1. Given the condition assigned to a loop (DSSP other than H, G, I, E, B), assigned by TED's automatic domain parsing to the domain that holds LEU158 and small (Gly, Ala, Ser), answer yes or no: does some residue in region 61-73 qualify?
2. Can you name every residue in region 82-126 that is free of Cβ contacts under 8 Å to residues at least 24 places away in the same chain, part of a strand (DSSP E or B) and among the polar types (S, T, N, Q)?
3. Which of the strands (runs of 3 or more DSSP E) found entirely inside region 143-217 contain at least 2 residues meeting this: acidic (Asp, Glu)?
4. GLU147 - would you say it is over 18 Å from the mean Cα position of the chain (by Cα), surrounded by fewer than 14 Cβ atoms within 10 Å (Cβ to Cβ) and of a type in the set (Asp, Glu)?
5. Does THR137 satisfy being in contact (Cβ under 8 Å) with a residue 12 or more places away in the chain and out of contact with any Leu (no Cβ under 8 Å at 6 or more places or on another chain)?
6. Within region 457-478, which residues are within 29 Å of the chain's Cα centre (by Cα), assigned to a loop (DSSP other than H, G, I, E, B) and farther than 16 Å from ASN213 by Cα?
7. So which of ILE25, ILE37, ILE84, ILE9 is more than 30 Å from ILE188 (Cβ to Cβ) and among the β-branched types (Val, Ile, Thr)?
Amino acid sequence: MKFINSIEISKADLLKSGGQRNFNINGDKGAFFNLEITNSAGKFYNFITQTFETNATTSTTSVTSDAATGNVVYITAANSNIKIGMTVTGNGVSERVLVVSINSQTITLSKNIDVAAGATLTFSADSGLNSEEMSSTNYAGLIVFPEISANDTYTVTLEASIINDTNLRTTERVYDEDPESTTYGDDITEGFTNILFKSITINQYVNTTVTINSLSSVLSSLGVDYSSNSFTIVKPRNFQANSGFKTSFSWTFTTTSASAIAKSKDIEDAYFETTKTQTVNGAVSSSANIVLDNVDNVIPGMFATGTGLASGDGDTVLAVDTVNKKITINNARTISDGVTITFTAKGALGPTAYGTDLFFTNLTTTLTPLTVTVASASSSSTTLVLDSAAFIQDGSTTIIKGPGIDVDETETSITTRAAGSDSLTLSAAKSVEAGQTLTVEGTSSAVTITGDVILTRMGDTDFTSTLIIDNFIGIGVS
């Protein structure tokens with residue numbers, strides 16, 4: 001009896017781009033084994049073509065251009081489907097013959113054949129390694145995994161060839177006894193637990209995509225297109241960068257001539273909002289406990305809104321029971337079955353709900369400088385008429401500067417602007433000549449927002465964090 005002692009192959013998740021993975025089988029010299037790899041679609045890995053194929057056997061045919069009585073055969077046209085290691089069959093091939101080398105239309109074989117010109121030869125390759133013999137105590141090989149567009153799972157099955165008097169050498173079972181482990185209670189035996197086969201699972205995942213974008217209900221109502229103010233961060237799930245992966249952005253929002261932009265608050269990371277919707281599973285009557293169909297991506301600190309709940313940040317998630325799919329909020333509510341609840345997290349808490357560590361820093365807002373031209377002279381008057389008062393929003397924070405205005409250290413603000421006209425009322429009487437160019441601060445036609453987004457850990461679920469512009473930028477009709 002011969003024994004296979006172990007198989008060594010990394011079970012770490014594969015990247016979206018795939019790649020090679022080495023394996024080693026250790027055992028007695030002269031032991032035989034079978035090795036099969038399948039993916040979640042049921043396709044078989046072919047070690048010769050190094051691809052996953054629908055059929056267990058891959059084959060192609062070619063026609064000989066000349067008669068062959070040795071180990072070299074010539075075919076009428078090059079065939080890229082012929083691979084080294086394929087088995088050759090056809091009239092004139094009486095024993096097992098393999099392809100040794102390929103040079104365009106010239107194929108060298110492992111043995112002599114005797115075929116006529118015009119004969120059709122079949123070149124085939126079985127998936128897996130079948131009745132493979134250990135020529136030493138170690139068998140080394142590799143598997144080439146493809147790039148994927150959707151998540152995939154591979155099953156690697158090693159089987160002892162019983163008909164060749166080979167068994168797997170068994171070992172005692174080992175179970176995960178760590179209650180904090182994700183595999184708690186599972187069989188985590190690295191060796192063999194039976195004499196016939198062992199299966200190993202390897203997962204391959206597409207990259208996780210985080211989208212950072214913006215939203216302004218007011219700009220949207222004015223027909224302003226700011227859809228280009230968006231970007232994505234794409235990384236493999238579980239990607240980590242201790243020093244942080246930084247993405248810098250600079251977005252400019254421009255209003256229409258009928259409106260003005262002004263800062264209403266200083267920008268902060270809390271204006272980035274991340275949401276998740278879940279559905280109520282069972283009516284709630286005057287209770288703070290709510291059972292949902294699913295609690296994925298819902299964490300304490302999120303705000304809950306929907307029919308039966310307060311608007312804004314009135315209802316906050318205090319606790320999440322993942323086993324019973326139940327949340328506890330800070331208020332007792334009555335909610336109908338089937339209601340959709342929107343959970344909103346602000347700042348870095350949102351990405352955390354999706355298993356991602358993402359931070360918004362170095363945030364700034366800068367109004368585009370606005371200059372205006374005086375249409376008619378004024379003399380010690382609070383009324384000032386401009387060629388155009390577009391993009392000016394009146395108020396105590398809207399300051400006007402320039403010749404005739406800056407006559408003392410007191411700032412002059414624009415108290416009011418007559419609706420539909422280019423006439424302004426200033427906070428103090430001024431004498432200004434016609435044609436003078438003045439500068440207006442605190443209101444503009446556009447604002448530029450800059451910042452850095454720092455990623456230190458990527459989770460496994462795509463999500464979007466949206467900068468809510470109207471929370472800190474005032475956009476008024478002028």
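The values are calculated or read from the model by the stated rules, or taken from the named source; none is laboratory data. Since we're looking at a predicted model, the values are computed, not measured. Cβ coordinates were reconstructed from backbone atoms using ideal geometry, including for glycine residues, and neighbour counts include every protein chain displayed.
1. No, there is no match, as no residue in region 61-73 is assigned to a loop (DSSP other than H, G, I, E, B), assigned by TED's automatic domain parsing to the domain that holds LEU158 and small (Gly, Ala, Ser).
2. If the condition is that a residue be free of Cβ contacts under 8 Å to residues at least 24 places away in the same chain, part of a strand (DSSP E or B) and among the polar types (S, T, N, Q), then SER101, ASN103 are the ones that fit.
3. Hits in region 143-217: 152-160.
4. no
5. Numbers: in contact (Cβ under 8 Å) with a residue 12 or more places away in the chain: yes; out of contact with any Leu (no Cβ under 8 Å at 6 or more places or on another chain): yes.
When the stated conditions are applied, THR137 passes them.
6. Once the filter is applied, which keeps residues that are within 29 Å of the chain's Cα centre (by Cα), assigned to a loop (DSSP other than H, G, I, E, B) and farther than 16 Å from ASN213 by Cα, region 457-478 yields MET458, GLY459, ASP460, THR461.
7. Just one listed residue meets the conditions, ILE84.
This table checks each residue for (1) among the aliphatic types (A, V, I, L, M); (2) free of Cβ contacts under 8 Å to residues at least 40 places away in the same chain; (3) closer than 22 Å to THR89 by Cβ; (4) surrounded by 14 or more Cβ atoms within 10 Å (Cβ to Cβ).
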{"site": "PHE23", "(1), (2), (3), (4)": "no, no, no, yes"}
{"site": "ASP28", "(1), (2), (3), (4)": "no, no, no, yes"}
{"site": "ALA31", "(1), (2), (3), (4)": "yes, no, no, yes"}
{"site": "ILE37", "(1), (2), (3), (4)": "yes, no, no, yes"}
{"site": "GLY42", "(1), (2), (3), (4)": "no, yes, no, no"}
{"site": "PHE52", "(1), (2), (3), (4)": "no, no, no, yes"}
{"site": "SER62", "(1), (2), (3), (4)": "no, no, yes, yes"}
{"site": "VAL73", "(1), (2), (3), (4)": "yes, no, yes, yes"}
